[in-house]
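Working notes, beginning with the structure itself.
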Amino acid sequence: MKTGDHEQQKRRDDGEINPRPEEGAASSKESTASASAKGDDATNAISTNSTMGAMGRRALLKGAGGLAVALGTVQLAGRHAVLPQRLQLEASTLPDIQFDIGAFVHAVQSVSDGGGTITIQMPPVHTLLITARLNRTPTTADQANLTSALARLESVYQFNAAGIITFLSYGIPYFNRLPGGMTGSLVSSHMPRLTSNTSRFALEEAVPSPTDVSSANPGITKQTYNVPVQIEGNDLLITMRTDNSTIMTDVVNWFNGSNRLNGQTVASPALFQGLATITSSRAMFVGISLPRNMAETHGFAYSQEINSDSPMWMGFLDQHTNGAGPAPICTFAGNSSAHVTTAVAGDYFDNGAIQHLSHVIEDLPQFYARPTATDSGEPYTERVQYMFRSNPIPSVGNSDQFNNGGGPAYLPNIFAGTNDAANNAQAVNTFQGEHRLGHLSALQRSSRAADGTPMHIRMDGPGLDNMDVPNGSVQPKLQFTIFVPSADFFRAMRANQASLDLQNQFGVDPDDNGLERFTTATRRQNFLIPPRRHRAFPLVELA
């Protein structure tokens, strides 16, 4: 959905893109996986044991329980995926910042489809987001079991896109289980606080955004999916990422108690054997042409209007390298460009961050509406302004404004300053002199440091499921998650993305306010993603 400040998970220093791992961290060599290999079964980057390869997909899903629907989406996307060329790494040191995976995924590359040459970095094709609630407070034995299990996992499958990349994050309910809860001495003495207000923690619960359907926002309704947002109460979020859907299924079954990894006997963690209960699973797929292919497979009426060059449902590429910050700026300890919490290097949660998770239904029939006798529809010139900005319009597209997207999918991510959204709203040099708000320019009101460096890494992508859809039908989703230095930072950025203040002040038609009317967030929650060294049940060893 959101072409703009997005997850690139790359390394950047003083504006230079550096696709190589830091010195001493890893060495790389070209993977044997072909950039044109079709489907997961074509990759040679990580070969799975022949015993596992002989298993049918039904057998792989056996015992997955509530994960089966999400795994089904992963496997369907895997059959359509074109695997990117990867750097296969031999890592000696894995990142303490869990989400700092730029050196373990796709190399930075330049692409163009007529809208200008841009630099991008593609993430792993498949992501699975699993939320869970604990049935009891973890013990030091549970912590040791999970630590050991994760080490075993990473000894069987390499920590890269061709193997498996796993993050663990924890919600406020988890910290409230520890002695004294969030306000007790154990948690409060280690939890980073806002430098702007030291009475507030960096971790606060998510709130409805200004354009979410909620009792907090009387008058906000959506045309098709008028679903109130839920603020979830999960203890745990597990994020798993890979290019290979078979590996994803194997690892999920292992977490679920199969005691098998890549055809080997490997003891499963005790996590889902009574300690925790899965509450949801959400599958994301990111790959060039994947949304178009999935739309065609499901017979969506607008499938031919999705740009076949795009990895996102809304037809624009969203993986610009200049749209995400270096990982350290997103952490509690920050970097030289920005530091918004009291955490410093050496603190328990120094290399931790906030991971916001939300589940969004996308109203694509409305976004791709074709002209009728009474309505002009949504041509490319409208959609590109909703996504980016209007001064100037990034591209006027093709003579046919609808077929195959109607114009380029690859457009530059330009930072025009924090006042750019206000200028658009006031119709300053806008396309056709209209008062407009673009999604990208609106979120850039507060998404960057004073020196212009983005202060977040977005990790969102297309989904396809029936979660929270009123009639139970399968619909396109945005599986959205982002890494930021504080919950308050995300709250402010999301409010600025909506920009209702500018809409009201300068008379912007709500229909011309970015992507707000095309999206319905049905679930939100904030998590703390700890440093890798504390990823297994943080603080338990100090309780």
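The values are calculated or read from the model by the stated rules, or taken from the named source; none is laboratory data. Owing to the predicted nature of the structure, the values given are computational and were not obtained by experimental measurement. As a convention, Cβ positions derive from the backbone with ideal geometry for all residues, glycine included, and neighbour counts pool all protein chains shown.
Odds and ends about this structure:
- Within the range 475-510, the set of residues being under 21 Å from Gly417 (Cβ atoms) and either aliphatic (A, V, I, L, M) or in contact with a Phe, Trp or Tyr (Cβ under 9 Å, 6 or more places away or on another chain) (or both) comprises Val484, Ala492, Met493, Ala495, Ala498, Leu500, Leu502, Val508.
- Only residues that are without any contact (Cβ under 8 Å) to a residue 60 or more places away in the chain, touching a helix residue (DSSP H, G or I) at 6+ places or on another chain (Cβ under 8 Å) and not in a helix (DSSP H, G or I) were counted across the range 285-305, and they come to 0.
- On inspection, Thr166 passes the criterion of being closer than 26 Å to Thr73 by Cα, at pLDDT 95 or above and among the β-branched types (Val, Ile, Thr).
- Some residue of the range 204-226 being surrounded by fewer than 24 Cβ atoms within 10 Å (Cβ to Cβ), under 21 Å from Pro138 (Cβ atoms), modelled with pLDDT of 95 or more and hydroxyl-bearing (Ser, Thr, Tyr): no
- Every residue from the range 386-414 that is within 19 Å of Leu443 (Cα to Cα) and either more than 26 Å from the chain's Cα centre (by Cα) or without any contact (Cβ under 8 Å) to a residue 60 or more places away in the chain (or both): Arg389, Ser390, Asn391, Pro392, Ile393, Ile414
- Residue pairs whose Cβ atoms lie under 6 Å apart, sitting 6 or more positions apart in sequence or on different chains, and linking a residue in the range 94-106 that is within 16 Å of Leu153 (Cβ to Cβ) to a partner that is assigned to a strand (DSSP E or B) and not small (Gly, Ala, Ser), are Gln98/Phe167; Gln98/Ile529; Ile101/Ile165; Phe104/Leu89.
Here's the yes/no breakdown for (1) of a type in the set (D, E, K, R); (2) in a loop (DSSP other than H, G, I, E, B); (3) within 29 Å of Pro462 (Cβ to Cβ):
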position: Ser110; (1), (2), (3): no, no, yes
position: Asn160; (1), (2), (3): no, yes, yes
position: Thr198; (1), (2), (3): no, no, no
position: Thr211; (1), (2), (3): no, yes, yes
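- The residue list Thr140, Thr127 contains one member that is among the hydroxyl-bearing types (Ser, Thr, Tyr) and either at positive phi or crowded, with 24+ Cβ neighbours inside 10 Å (or both), which is Thr127.
- Residue within the range 166-175 that is in a loop (DSSP other than H, G, I, E, B) and touching a residue at least 12 places away in the same chain (Cβ under 8 Å) present: no
- Residue check, Gly334 under 24 Å from Tyr410 (Cα atoms), modelled with pLDDT of 95 or more, in a loop (DSSP other than H, G, I, E, B) and not charged (D, E, K, R): no
- The set of residues in the range 321-331 being assigned to a loop (DSSP other than H, G, I, E, B) and either under 20 Å from Ser395 (Cβ atoms) or of a type in the set (S, T, N, Q) (or both) consists of Thr331 alone.
- Evaluation of Asn259 against (1) in contact with an Asp or Glu (Cβ under 9 Å, 6 or more places away or on another chain); (2) among the polar types (S, T, N, Q); (3) at pLDDT 95 or above (one fails), failing number: (1)
- Any hit, the range 455-463, residues being touching a residue at least 12 places away in the same chain (Cβ under 8 Å), in a loop (DSSP other than H, G, I, E, B) and either β-branched (Val, Ile, Thr) or farther than 19 Å from Ser169 by Cβ (or both): no
- If the condition is being in contact with a helix residue (DSSP H, G or I) (Cβ under 8 Å, 6 or more places away or on another chain) and hydroxyl-bearing (Ser, Thr, Tyr), then the range 266-278 contributes only Ser268.
- Picking from residues in the range 359-400 that are of a type in the set (S, T, N, Q) and assigned to a helix (DSSP H, G or I), the one that is surrounded by the fewest Cβ atoms within 10 Å (Cβ to Cβ) is Gln366.
- Verdict on Thr139 being within 27 Å of Gly274 (Cα to Cα) and out of contact with any strand residue (DSSP E or B) (no Cβ under 6 Å at 6 or more places or on another chain): yes
- Out of Asp468, Asp420, sole residue that is within 27 Å of Asn504 (Cα to Cα), in contact with a Ser or Thr (Cβ under 8 Å, 6 or more places away or on another chain), buried (at least 19 other Cβ atoms within 10 Å of the Cβ) and of a type in the set (Asp, Glu): Asp420
- Against the criterion of being closer than 17 Å to Ala442 by Cβ, assigned to a loop (DSSP other than H, G, I, E, B), charged (D, E, K, R) and touching a Gly at 6+ places or on another chain (Cβ under 9 Å), Asp318 qualifies.
- Whether a residue is at pLDDT 95 or above, part of a loop (DSSP other than H, G, I, E, B) and of a type in the set (A, V, I, L, M, F, W, C) was assessed, and Met493 does not pass this test.
- Per-region count, the range 258-276, residues among the β-branched types (Val, Ile, Thr) and surrounded by fewer than 16 Cβ atoms within 10 Å (Cβ to Cβ): 1
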